[in-house]
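Colleague: A single structure is presented below for examination.
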Amino acid sequence: MPLVCLTDFQASAQERLSKSSWDFIEGGAGDGTTKDNNVAAFKKIHLRPRYLKDVSEVDTKTMIQGAEVSAPICIAPTGFHCLAWPDGELSTARAAQAANICYITSTYSTCSLEDIVTAAPKGLRWFQLYMQTNRQLNQLLVQRVEALGFQALVITVDVPMLGNRRHDLRNQLDLKSNLLLKDLRSHKGINPMPVLQMSPIDSSFSWSDLSWVQSITQLPIILKGILTKEDAELAVKHNVQGIIVSNHGGRQLDEVLPSIDALTEVVAAVKGKIEVYVDGGIRTGNDVLKALALGAKCVFLGRPILWGLACKGEHGVEEVLNIIKNEFRTSMALTGMAMSTLHRGESVLHRAIVGRLRNL
């Protein structure tokens with residue numbers, strides 16, 4: 001039977017992966033309330049289509065941080081891709097390049113940055129950084145990704161410590177016995193250490209430390225994990241270039257707002273001064289449309305990419321991206337919106353569509 005939607009890939013991936021690997025990829029924190037609500041929240045938003053519009057030509061291209069992508073649907077940072085497919089992040093990078101979209105490479109990648117770049121030399125790449133307590137390691141990583149041609153630095157802010165992930169505790173998941181994070185162990189002067197024994201995430205990293213990061217790089221800085229008006233305003237004040245509205249896929253603090261519900265507050269707070277993106281719970285083209293209409297410049301997919309990877313490797317990721325891009329194109333046409341307006345600026349899309357959405 002063909003896989004025709006993202007949830008088909010979800011079911012197929014679960015059949016193919018071991019229980020511990022599936023639980024690691026799919027699991028949320030606590031009771032999983034936020035993980036489930038991320039998906040459910042989109043279903044509470046209804047579309048109000050307009051007809052007799054010329055949608056004979058639909059253009060999905062847009063710009064993020066000055067770079068063009070084929071659609072406002074990109075790949076969020078997730079770690080340990082070798083759990084899903086032997087080539088891991090190499091396959092993901094190749095699929096992103098083929099689709100002409102952005103791939104945010106995780107600090108916790110199981111392939112080296114150099115190998116990822118070699119696999120997809122023309123791909124649009126951002127690098128996601130978990131701030132380590134070893135400041136020298138942070139600086140070496142940032143300098144390395146800049147030299148390799150990564151075009152933005154994405155700092156994850158919602159992990160001062162790991163959330164309560166019960167599935168992994170029950171499974172006694174021990175990634176360090178099987179996987180080594182090459183990018184955290186390949187610098188001269190840094191002792192090679194297995195994952196989870198390396199320099200831990202820096203729980204003291206705060207707003208005042210952002211200036212140090214800005215001093216060591218020319219890359220745009222994007223903060224991932226912002227959920228509130230207050231933090232969005234501070235992001236603007238500290239001169240970052242973007243925000244990813246995210247609750248870490250429900251994997252950190254359970255019982256927080258679904259990402260899509262937090263999006264409007266963040267968009268209003270930044271007042272168009274920086275780009276705002278969103279991840280969490282996006283499963284259909286309608287979801288993409290709703291996120292854009294509510295103010296996101298682009299959406300990022302997390303788990304669905306790993307589902308595709310687990311099913312068919314690089315080709316599975318390509319299929320996942322093609323399915324949701326085609327669904328998005330259909331959603332735009334059926335709401336009366338030709339996407340030639342999108343890449344001329346998100347404000348045009350917002351004026352045209354946001355009035356056609358209502359929250360139940």
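The values are calculated or read from the model by the stated rules, or taken from the named source; none is laboratory data. The structure displayed is predicted, hence computed values, not measured ones. Heads up, the Cβs are rebuilt from the backbone with ideal geometry, glycines too, and the neighbour counts pull from every protein chain shown. We work out accessible area using only protein heavy atoms, side chains counted, and drop any ligands, DNA or RNA first. Shrake-Rupley method; radii C 1.70, N 1.55, O 1.52, S 1.80 Å.
Colleague: So what is the 222 nm mean residue ellipticity for the chain from helices alone, if each DSSP H run of at least 4 adds -39500 (n - 2.57) and you divide by all residues, rounding to the nearest 500 deg cm²/dmol? Please list the in-between numbers first.
Modeller: Numbers: 14 runs with 142 residues, N = 360.
Using -39500 (n - 2.57) per qualifying helix, the result is -11500 deg cm²/dmol.
Colleague: What do you get for the angle between helix 89-99 and the principal long axis of the chain? Use alpha-carbon atoms, 0 to 90 degrees, nearest ten.
Modeller: The helix 89-99 is inclined about 20 degrees to the chain.
Colleague: Towards the positive end of the charge dipole of the chain, with charges on Cβ (+1 Lys, Arg; -1 Asp, Glu), say which of SER21, VAL288, MET337 has the farthest Cα.
Modeller: MET337
Colleague: Continuing with the same structure: Using modelled backbone amide H atoms (1.01 Å from N, in-plane), which distant-in-sequence or interchain residues come within less than 5 Å of LYS224's amide H?
Modeller: Close amide H contacts, sequence-distant or interchain: ILE155, THR156, VAL157, ILE244.
Colleague: To the nearest 20 debye, what charge dipole does segment 21-121 have about its Cα centre, counting +1 at the Cβ of each Lys and Arg and -1 at the Cβ of each Asp and Glu?
Modeller: Details: 8 positive and 12 negative charges, 127 e Å.
That gives segment 21-121 a dipole magnitude of about 620 debye.
Colleague: Here's a follow-up. Taking the convex hull of the alpha carbon atoms in the chain, what volume per residue do you get, in Å³?
Modeller: Expressed per residue, the convex hull around the Cα atoms of the chain is 129 Å³.
Colleague: For the chain, what % of the accessible area comes from carbon and sulfur atoms, probe 1.4 Å? Don't jump to the answer; show the numbers that get you there.
Modeller: Working: 7730 of 15200 Å².
Roughly 51 percent of what the probe reaches on the chain is carbon or sulfur.
Colleague: So how tilted is helix 33-43 from the main axis of the chain? Cα-based, degrees 0 to 90, rounded to 10.
Modeller: Once rounded, the angle reads 20 degrees.
Colleague: Per residue, how many Å² of accessible area does segment 282-341 show with a 1.4 Å probe? Please list the in-between numbers first.
Modeller: Working: 1350 Å² over 60 residues.
I get 23 Å² per residue for segment 282-341.
Colleague: Here's something else I'd like to know. Return the lysines within reach of LYS237: Cα separation strictly under 24 angstrom, same-chain partners fewer than 8 residues apart disregarded; answer none if there are no such residues.
Modeller: Within the straight-line limit of under 24 Å, LYS237 reaches these lysines: LYS224, LYS229, LYS271, LYS273, LYS297.
Colleague: I've got another one for you. For segment 1-139, report the accessible area per residue in Å² (1.4 Å probe, heavy atoms, rounded to an integer). Show your work: numbers first, answer last.
Modeller: Working: 5940 Å² over 139 residues.
For segment 1-139, the solvent-accessible area averages 43 Å² per residue.
Colleague: Mind pulling the angle between the C-alpha long axis of helix 303-312 and the longest principal axis of the chain? Nearest 10 degrees, somewhere in 0 to 90.
Modeller: Tilt relative to the chain: about 80 degrees.
Colleague: Which cysteines in the chain lack any other cysteine whose Cβ sits under 4.7 Å from their own Cβ?
Modeller: CYS5, CYS82, CYS111, CYS298, CYS311
Colleague: Let me ask another. Take the chain, connect every pair of alpha-carbon atoms lying under 10 Å apart with a spring to form a Gaussian network, then pick out the residue of SER106, SER259, SER215 with the largest mean-square fluctuation.
Modeller: SER215
Colleague: So how much slack lies between SER215 and ARG48, counting 0.36 nm per residue of separation and subtracting their Cα-Cα distance, in nm?
Modeller: Working: separation 167, 0.36 × 167 = 60.12 nm, distance 4.66 nm.
This chain segment gains 55.5 nm when fully extended.
Colleague: Applying 1/(1 + (r/R0)^6) with R0 = 22 Å to the Cβ-Cβ distance of MET1 and ALA40, what FRET efficiency is obtained, to the nearest 0.05? Walk me through the intermediate numbers first.
Modeller: Working: r = 26 Å, r/R0 = 1.19.
Approximately 0.25, to the nearest 0.05.
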